[in-house]
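Undergrad: First, the structure itself, so that you have it in front of you.
The values are calculated or read from the model by the stated rules, or taken from the named source; none is laboratory data. Since this is a predicted model, take the numbers as computed values, not measurements. So basically every Cβ, Gly included, is an ideal-geometry build from the backbone, and we count neighbours across all protein chains shown. We work out accessible area using only protein heavy atoms, side chains counted, and drop any ligands, DNA or RNA first. Shrake-Rupley method; radii C 1.70, N 1.55, O 1.52, S 1.80 Å.
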Amino acid sequence: MDVRHFVSIEDVTPKWFMDLYSVCRDMIQNPERYVDACRGQVMASLFFEPSTRTNFSFQTAMMRLGGSVFGFSDPSGTAVAKGESLADTIRMVSAYADAVVMRSPFEGAATAGALYSEVPLINAGDGGHMHPTQTLTDLTTICEKRGKVGGITVGLCGDLKNGRTVHSLALALAQFPNIQFKFIAPREMAMPGYVLDALREQGQRYIEVTNLESSIPQLDVLYMTRIQKERFTDPLEYERNKGLYILTRRKLDRAKEDLLIMHPLPRVDEISPDVDGDSRAAYFDQARYGMFIRMALLYRLIHTPRQAASTAYDLTPRVCGNDRCITKTEEYLPNLTKGRNGETVCSYCDNPISRWVKKT
């Protein structure tokens, strides 16, 4: 499977991941072999949205490979604050770098950016849509701790509506055999329809529940997420839901002895500190595995030959009906669509095309 840009979890197949994981395993066991693997290569780190773990993880990964990094974590001091388009920013930065890592608050931003990049572009999170390198981290953690990915029951708990990590993970796991899903969330924060459609298309089984404690005994993997304040447009809705799911040591009394407790971090109050000492807690190991799998990804992509950037622009006065789609701010983008489960959806944010509207 040829992957030039890594912007969507749809770029991942089990074979592609296992090939990448084999490189990652060698890096974990023999890091000295790779200290000059990217010597002379430069990574651009463009974080239009705050990040600690992902930003540091990519920077550390590149430095451990012998490469160098430039970029920003606050766009207020860049030409973006002056009104520069995403297309121009990406074309300019890719002229300097050998790979671009980007995080944006807008859904589909990485897909848009990849259109205009001469070098590989990696999605470090696009709004509440996807976070594919976190999914690589999650799959690596499952392999390291359980030996394989297939044949497990996975519980995803928290803000499943806005949680890009759980969207990506569910879509990736759906391609592995015999995965059973439990989606644990209040109804107003349930898993988006496009994810459920994809699971049904793959023939994977899932159930949606609202109670965490009664679900724990059946799980092989429990993936906790925080209620994301920054994704709520209504502060009252956030206040109603914060603190709804809190994992404590007591709630693990009936859990399996080999349960794997994961979290993409940062946590707020959804995992009590008394769980940290439990042998089943894997979230800090998960963070370390994330650095190694990102090393493997950079190693695979960064030597890709340059390709001319797209010059495609479409000034048709319409935007995707999803208010958080990148097409709401970058209105010149080509109107790209794709099919999913018999429906036409926006190629950037996966929103059904029936919601596309003309501007008034």
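Undergrad: Of all DSSP beta bridges located in the chain, what percent are antiparallel, nearest 5?
TA: So the antiparallel bridges in the chain amount to around 20 percent.
Undergrad: Let me ask another. Going by Cα centres, region 117-168 and region 81-99 are how many Å apart?
TA: Taking the Cα centre of each part, region 117-168 and region 81-99 sit 26 Å apart.
Undergrad: Hey, if you put +1 on the Cβ of every Lys and Arg and -1 on every Asp and Glu Cβ in the chain, which of H263, T54, C38 ends up farthest toward the positive end of that dipole?
TA: Going by the charge dipole, the pick is H263.
Undergrad: If you plug each phi of region 50-64 into the Karplus form 6.51 cos²θ - 1.76 cosθ + 1.60 with θ = phi - 60°, what whole-Hz ³J(HN,Hα) values come out, in order, with x for Gly and Pro?
TA: Whole-Hz 3J(HN,Hα) from phi for region 50-64: x, 7, 10, 4, 5, 4, 4, 4, 5, 4, 5, 4, 5, 5, 5.
Undergrad: Additional query: Take the solvent-accessible surface of the protein heavy atoms, probe 1.4 Å, and return the percent of it on region 80-198 that carbon and sulfur atoms account for.
TA: Carbon and sulfur: 46 percent of the exposed surface of region 80-198.
Undergrad: Could you order peptides 66-72, 46-52, 171-177, 335-341 by the average number of other Cβ atoms within 10 Å of their residues, highest first?
TA: So the order, starting with the most tightly packed, is 171-177, 46-52, 66-72, 335-341.
Undergrad: For every other residue with a beta carbon closer than 15 angstrom to the beta carbon of R146, add +1 if it is Lys or Arg and -1 if Asp or Glu, then tell me the sum.
TA: Values: positive: R25, K145, K148, K256, R280; negative: D138, E144, D220, E257, D258, D285.
So the surrounding residues net to -1.
Undergrad: Give me the distance between the Cα centres of region 30-79 and region 178-222, rounded to whole Å.
TA: A separation of 34 Å, based on Cα centres.
Undergrad: Let me ask something else. Mean separation of Cα pairs under 8 Å and 6+ residues apart, divided by the residue count of the chain: what relative contact order is that in percent?
TA: Numbers: 693 pairs, mean separation 66.3, N = 360.
Computed value for the chain: 18 percent relative contact order.
Undergrad: I've got another one for you. Rounded to a whole number, what is D in µm²/s for the chain from Stokes-Einstein with the Kirkwood radius over alpha-carbon pairs (10 °C, 1.306 mPa s)?
TA: Approximately 76 µm²/s, per Stokes-Einstein.
Undergrad: Mind listing the long-range amide H neighbours of G127? Cut-off is under 5 Å, sequence gap 5 or more, other chains count too, H placed in the peptide plane at 1.01 Å from N.
TA: Those qualifying (amide H under 5 Å, at least 5 residues apart or on another chain) are S104, F106.
Undergrad: State the percent of C-alpha pairs, over all pairs in region 123-229, separated by a distance greater than 17 angstrom.
TA: When all Cα pairs of region 123-229 are counted, 49 percent exceed 17 Å.
Undergrad: Here's something else I'd like to know. When only the heavy atoms of the protein chains count and the probe is 1.4 Å, how do R187, R39, R300, R226 rank by accessible area, highest first?
TA: R187, R39, R300, R226
Undergrad: Top to bottom by accessible area (1.4 Å), largest first, where do D220, D285 land?
TA: Values: D220 15, D285 65 Å².
Sorted by accessible area, descending: D285, D220.
Undergrad: Hey, can you grab everything whose amide H is under 5 Å from the amide H of F181? Only 5+ residues off in sequence or another chain; H modelled, so Pro and N-termini drop out.
TA: V154, R205, Y206, I207
Undergrad: Let me ask something additional. Quick check on the chain: helices-only [θ] at 222 nm, where DSSP H runs of length 4 and up contribute -39,500 (n - 2.57) each and the sum goes over total residues. Nearest 500, please.
TA: -9000 deg cm²/dmol
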